[in-house]
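**Student:** My questions will all concern the structure given below.
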Amino acid sequence: MTKITIFGSGTNRTVRPVWTAKELGLTYELITAKEPAENPELKSLHPQRKIPSARVGDLEIFESSVISEYLCDSLPGNNLLAPSGTKERLTHSQWVSFSQSEIEAYLWHNFLLDRSEKGIEFFQETSQLNQEMALAGLRVLDEHLQKSKYLCGDEFGLTDIVVGWTVNWARRASLISSFEYLNHYVDSLFDRPNCMLAR
């Protein structure tokens, strides 16, 4: 079996490939990278020495959703991700792209503002706009989840690992309390034995 090494730590986006590997029953090594910028091994793995990054055999990969997709693609017939070129794969890609563009980007921007020297209060107007934009994206997911248990239908899949992590980040930021279906959705993810989401 191809050796899988994942570099990452904590409850950040590292959760995505680790959770994916667990769901697929893959054996992997997790190398904790608490100070990515100082880790020489990450120099060749990520152009900015960020985590998560991974080495699968001789292949070096960065970006959490891409690592997760590759793990699925390396195991044909898996029940997490449809084959490339199918309608189901297209649906997966749409929701991943949507969540990262319309929700996660705004959460990340506020995260950075909060940790800036001036503090998030200095950027109150920008922070409020970011929150409103994230809420607009979350509203779309909530409406979609009125029609299906998971994002791509009634079966759990990789889409739910990738997007579910983002939704849980929004939950931890107290942004989904008014969204009934998103709250049920997150509860269903926590019920999974391999769930890696932070409470």
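The values are calculated or read from the model by the stated rules, or taken from the named source; none is laboratory data. This one's a predicted model, so the numbers in the text were calculated from it and none came from an experiment. FYI the Cβ positions are ideal-geometry reconstructions off the backbone, even for glycines, and counts take in every protein chain you see. These area figures cover heavy atoms from the full protein model, side chains too; ligands, DNA and RNA do not enter into them. Shrake-Rupley method; radii C 1.70, N 1.55, O 1.52, S 1.80 Å.
**Student:** Answer with yes or no whether V18 is part of a helix (DSSP H, G or I), under 17 Å from M196 (Cβ atoms) and either open to solvent by 60 Å² or more (accessible area, probe 1.4 Å) or out of contact with any helix residue (DSSP H, G or I) (no Cβ under 7 Å at 6 or more places or on another chain) (or both).
**Tutor:** Here the answer is yes, as V18 does meet what is asked.
**Student:** Kindly indicate whether any position in the stretch 79-87 is more than 21 Å from F156 (Cα to Cα) and either touching a helix residue (DSSP H, G or I) at 6+ places or on another chain (Cβ under 7 Å) or open to solvent by 20 Å² or more (accessible area, probe 1.4 Å) (or both).
**Tutor:** So far as the stretch 79-87 goes, no, none of its residues is more than 21 Å from F156 (Cα to Cα) and either touching a helix residue (DSSP H, G or I) at 6+ places or on another chain (Cβ under 7 Å) or open to solvent by 20 Å² or more (accessible area, probe 1.4 Å) (or both).
**Student:** Determine the pairs where a residue that is farther than 20 Å from D58 by Cα and in a helix (DSSP H, G or I), located within the stretch 21-45, has a partner that is modelled with pLDDT under 85 and open to solvent by less than 30 Å² (accessible area, probe 1.4 Å) with Cβ atoms under 6 Å apart, the partner being 6 or more residues away or on another chain.
**Tutor:** Pairs that qualify, where the first residue is farther than 20 Å from D58 by Cα and in a helix (DSSP H, G or I) and the partner is modelled with pLDDT under 85 and open to solvent by less than 30 Å² (accessible area, probe 1.4 Å), are P36/L42.
**Student:** Return yes or no: is L189 in contact with a Leu (Cβ under 8 Å, 6 or more places away or on another chain) and in contact (Cβ under 8 Å) with a residue 40 or more places away in the chain?
**Tutor:** Judged against the criteria, L189 is not a match.
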